[in-house]
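S.K.: My questions all concern the structure below.
The values are calculated or read from the model by the stated rules, or taken from the named source; none is laboratory data. These numbers come from a predicted model, not from an experiment. Every residue, glycine among them, receives a Cβ derived from its backbone with ideal geometry; neighbour counts consider all protein chains shown.
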Amino acid sequence: MGATMSPTDFTRLAQYAGSGCEKYDRRGEIFGREDVIPLWVADMDFPAPDFVTEALSARLADGAFGYAKPDAEHFRAIADWLCDQHGWHVCPNHILPVPGVVPAIAMAIRAFTSPGARVIIQPPVYFPFFQVVRDQGRTLQENPLVETDGRYEMDFDALAEQARDAEMLLLCNPHNPGGRAWSIEELEQVAAICARHEVMVISDEIHMDLTYPEVAHTPFAHAAGHAGVRWMTVSAPGKTFNTAGIGGGFAVIVDSTQRDTFGRERRGMHLGEGSVFGLVAMKAAYTEGGDWPAELMTHIAHNRDRVVAAVADLPIEPMWPESTYLLWLDCRGMGLSDAERDPGDIALQRFFIDEAGLGLSQGIIFGEAGRGFMRINLATPTRVIDRAMQQLRAAFGKQGGRAPS
Ligand SMILES: Cc1ncc(COP(=O)(O)O)c(C=O)c1O
């Protein structure tokens, strides 16, 4: 795969057509064409950092692939990461290994809610949140975010109403796709409402390390502390270190009864303690990766700025992100329809595919509130972003918009 790179080399493409990765190799299936620049699924095009690949290589060389067990150092590494990066003090005994964030959410729904119970989500939101609730036989309660001055805010009045007959809230913190890193005041309101109505909060913090340089992530734990709310947090290193295909995550559950309840559910799935590679990658990432998120987000901020500049005179408004390497593009000004259920009516998606040659995520898959939006993945070398923007501008040129400068 080439010479050893610096852990901060953001110029090399590790994923490409035929490399067996979803982002490139599912283009035909998703976009109907193999030649779009793929800027959709949330993983990164550059390689995982050296300290992760070196730890994996060492394990590979050992050939020790029996059933894995995370040791005390593993949980210490996670706890130290949460403390050093986010000022969150977690007792290692309160951390449980999980196969991934979405599977952990599925387990939490099963462990802590009754069949048919209402589970609140806040669309537009990471689309598996819809599915994971339905798949467990629970009822979706949508509490859509409200767009205020070009950014998303929560509708606390509606949440307070809906919480009356709900059992759980799936919080996306930071929020995908809107890029909000929720503030302590916002999280405290969530905690207070959910405490009042005995709604358990599951905080998905998989994007916790991916805040832009001027922004800090606030763990839900900081708001939950005094509110008396039932809560747990799930996260994983997969987004931060580009190890999503290896798997492995963790749950933090402070309350011992809840930990037992969740632990029983998890054991009942017979999934084991995790894959050897997932555990090795996680420990290496959290032990050695302290400088990586800031370096990564400096690169992502650069790409964000390139996109924002490139669309400045187009009818596309990027929502200014506080977090994640995903940029949410408001394309409603283009006046193109975007209806998921009518395959003949997907003009917005078709424009990006056929006119611009770009494979982005359609906003509508994140819920009705995402209609007219597209999500672009910025985690790729800058030259790929620049080429994508040239193609986008040229597409507008064809349509009578301003030609690329
Ligand atoms: C908010 C959010 N949660 C969870 C995941 C996926 O987590 P996992 O692969 O660990 O199930 C993603 C991936 O994009 C995500 O954006």
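S.K.: Among the residues that make up region 146-156, is at least one of them within 16 Å of the ligand (Cβ to nearest atom), of a type in the set (Phe, Trp, Tyr), under 21 Å from the mean Cα position of the chain (by Cα) and not in a strand (DSSP E or B)?
M.R.: Checking region 146-156: not a single residue is within 16 Å of the ligand (Cβ to nearest atom), of a type in the set (Phe, Trp, Tyr), under 21 Å from the mean Cα position of the chain (by Cα) and not in a strand (DSSP E or B).
S.K.: Say we look at region 222-249 and pick out the residues that are more than 15 Å from the ligand (Cβ to nearest atom) and buried (at least 22 other Cβ atoms within 10 Å of the Cβ); which of these is nearest to Leu171 (Cα to Cα)?
M.R.: Trp231
S.K.: With the structure loaded, tell me whether Phe75 is out of contact with any strand residue (DSSP E or B) (no Cβ under 9 Å at 6 or more places or on another chain), surrounded by 15 or more Cβ atoms within 10 Å (Cβ to Cβ) and among the aromatic types (Phe, Trp, Tyr) or whether it fails that test.
M.R.: no
S.K.: Among the residues of region 129-160 satisfying the criterion of being among the small types (Gly, Ala, Ser) and out of contact with any Gly (no Cβ under 7 Å at 6 or more places or on another chain), which is farthest from Ser203 (Cα to Cα)?
M.R.: That would be Gly150.
S.K.: Conditions first: (1) crowded, with 19+ Cβ neighbours inside 10 Å; (2) part of a strand (DSSP E or B); (3) more than 16 Å from the ligand (Cβ to nearest atom); (4) not β-branched (Val, Ile, Thr). Cys194 passes all but one, so which condition is the exception?
M.R.: Just one mismatch for Cys194, condition (2).
S.K.: Got a sec? Which of Ala104, Ala48 is crowded, with 20+ Cβ neighbours inside 10 Å, within 16 Å of the ligand (Cβ to nearest atom) and closer than 30 Å to Pro381 by Cβ?
M.R.: One residue alone meets the criteria, Ala48.
S.K.: Looking at Arg134, Arg118, which is the one that is away from the ligand (no atom under 16 Å from the Cβ), surrounded by fewer than 16 Cβ atoms within 10 Å (Cβ to Cβ) and among the basic types (Lys, Arg)?
M.R.: One residue alone meets the criteria, Arg134.
S.K.: Could you tell me which numbered condition Ala403 fails, if it satisfies all but one of (1) modelled with pLDDT under 95; (2) in the same structural domain as Arg27 (by TED's automatic domain parsing); (3) of a type in the set (Gly, Ala, Ser)?
M.R.: Ala403 satisfies every listed condition except (2).
S.K.: Right, another one. Within the group Ala68, Ala61, which residue is at pLDDT below 95, among the small types (Gly, Ala, Ser) and out of contact with any His (no Cβ under 7 Å at 6 or more places or on another chain)?
M.R.: Among Ala68, Ala61, only Ala68 is at pLDDT below 95, among the small types (Gly, Ala, Ser) and out of contact with any His (no Cβ under 7 Å at 6 or more places or on another chain).
S.K.: Does region 203-216 contain at least one residue that is surrounded by fewer than 17 Cβ atoms within 10 Å (Cβ to Cβ), acidic (Asp, Glu) and closer than 30 Å to Lys23 by Cα?
M.R.: Yes, some residue in region 203-216 is surrounded by fewer than 17 Cβ atoms within 10 Å (Cβ to Cβ), acidic (Asp, Glu) and closer than 30 Å to Lys23 by Cα.
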